[in-house]
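Encoded as structure tokens, the structure appears first; notes follow it.
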């Protein structure tokens, strides 16, 4: 999607919301309309930040699902993700790297995509012996490949193994709230006892339907002890230190 | 060591250096004295920051060395660490957690200490199934234990397994340079392509002989891709963002 397309999609979204009566006023100032008109994921008339650890996972094409799990197979949703329409599938695959090192059971996320992709944390890439570059989802040109092994068949991926870069999903109302646009970089501060950490380079991925959610990988989540964090803050500029 | 002791040690150190002619002037402004009078680790008359990943490791008492490796055994230095007098030993031990999960080969660091201690990253503690708290070295009261297994014997540690907290070793000249004291907290900014990260809560551990070196664990090193970093900055206040 180029900049022109982004602007058009965003404008269309804003116009639709304006027609629906939801633009420019928070739910708190329009009690007659009610919370049902809040943008996706908002609570009490404002964005509700969620920070999630995105563990290693695989995206598959329809074709690869059939090769790995058998002709006619489709992904079977097991657990819904926070983003509407996305799910962890019941299926897992084995990922085999060079030198026959492997991860035996990596979760497949749905729905299927136009290109298969393996998203690892740096620790995982070391385990596998794959020198995966830091990339954002979908940007897999020139990345290393691997072998995917399922219960029925296997697939040789020529490319698609990435070290997933930090990003934040949000809708255009969230983007307006923070004063950012799709493609901007933000900062996430995670306050934890004795290991408070600020993550720069959090890419904004804005679309119409997303709910505000930062995705960091397991290494990042472990470095800041996200599970024990007392506060998370997402900011436009600087580093979240509010100096 | 309390505040009074710290001050006394520091004053003694500064006085000794003053008598030796090295205090208050950089080597650049006293070419007649030369680099040999620089504080430990300084290069070209100023602190030379090193950031190291401190992988999981074990400290042992003399008694435990003999139990694990045989009567009369001592630690055998294999590789010197950056801090003078410290080394990675040739010896390794197996660490066994509850539910019989284990790490087969964890390096012992020397010299020996008054209490044995296991330092893990969070990822390691998950692997072992040990809920290790974030602690600074030596602060092991109330921490979980584990079993250490060597080639000759084994030791049941009642406590001593910690998730090693970030810290920076430095000498008193480094501390003066940064305007900090032993026990203060600093910030480390690691600039890496698409994963720049600021680590708060970096504890200052100042003594007379240390060289300026930040220790972070493997999770932290992987979260910021330390190996590929283009810049590291240590700052006294704020977060290193220089806003």
Can you tell which of A:11, A:67 is modelled with pLDDT of 50 or more, part of a helix (DSSP H, G or I) and farther than 27 Å from residue A:118 by Cβ? A:11
Extreme residue, surrounded by the fewest Cβ atoms within 10 Å (Cβ to Cβ), among residues of the stretch B:118-138 that are within 13 Å of another protein chain (Cβ to nearest Cβ), under 14 Å from residue B:104 (Cα atoms) and touching a residue at least 60 places away in the same chain (Cβ under 8 Å): B:124
Tell me which residues, restricted to the stretch A:159-179, are in contact with a helix residue (DSSP H, G or I) (Cβ under 9 Å, 6 or more places away or on another chain) and surrounded by fewer than 21 Cβ atoms within 10 Å (Cβ to Cβ). A:176
Out of the stretch B:185-215, which residues are away from chain A (no Cβ under 14 Å), in a loop (DSSP other than H, G, I, E, B) and surrounded by fewer than 24 Cβ atoms within 10 Å (Cβ to Cβ)? B:208, B:209, B:210, B:211
Can you name the residue in the stretch B:74-91 that is touching a residue at least 24 places away in the same chain (Cβ under 8 Å) and either touching a helix residue (DSSP H, G or I) at 6+ places or on another chain (Cβ under 6 Å) or buried (at least 19 other Cβ atoms within 10 Å of the Cβ) (or both) and, of all such residues, is farthest from residue B:126 (Cα to Cα)? B:75
Only one of A:237, A:221, A:228 that is touching a helix residue (DSSP H, G or I) at 6+ places or on another chain (Cβ under 9 Å), closer than 18 Å to residue B:200 by Cα and either at the interface with another protein chain (Cβ under 10 Å from one of its Cβ atoms) or modelled with pLDDT under 95 (or both): A:221
Of the numbered conditions (1) within 14 Å of chain B (Cβ to nearest Cβ); (2) free of Cβ contacts under 8 Å to residues at least 12 places away in the same chain, residue A:100 fails exactly one; give the number of that condition. (1)
Mind checking whether some residue in the stretch B:59-67 is under 21 Å from the mean Cα position of the chain (by Cα), within 20 Å of residue B:210 (Cα to Cα) and touching a residue at least 24 places away in the same chain (Cβ under 8 Å)? yes
I'd like to check something: does the stretch B:52-59 contain any residue that is at pLDDT 55 or above, assigned to a helix (DSSP H, G or I), in contact with a strand residue (DSSP E or B) (Cβ under 8 Å, 6 or more places away or on another chain) and surrounded by 14 or more Cβ atoms within 10 Å (Cβ to Cβ)? no
Scan the stretch A:139-153 for residues that are over 16 Å from the mean Cα position of the chain (by Cα) and either without any contact (Cβ under 8 Å) to a residue 40 or more places away in the chain or crowded, with 18+ Cβ neighbours inside 10 Å (or both) and jot them down. A:141, A:142, A:143, A:144, A:145, A:146, A:148, A:150
For residue B:156, state whether it is within 14 Å of chain A (Cβ to nearest Cβ), farther than 30 Å from residue A:55 by Cβ and either surrounded by fewer than 17 Cβ atoms within 10 Å (Cβ to Cβ) or at pLDDT below 95 (or both). no
Can you tell me which residues in the stretch B:172-183 are more than 14 Å from chain A (Cβ to nearest Cβ) and in a loop (DSSP other than H, G, I, E, B)? B:179, B:180, B:181, B:182
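The values are calculated or read from the model by the stated rules, or taken from the named source; none is laboratory data. If you're wondering where the values come from, they're calculated on a predicted model, not measured in any experiment. Here the Cβ is made from the backbone with ideal geometry for all residues, glycine too, and neighbour counts use every protein chain on show.
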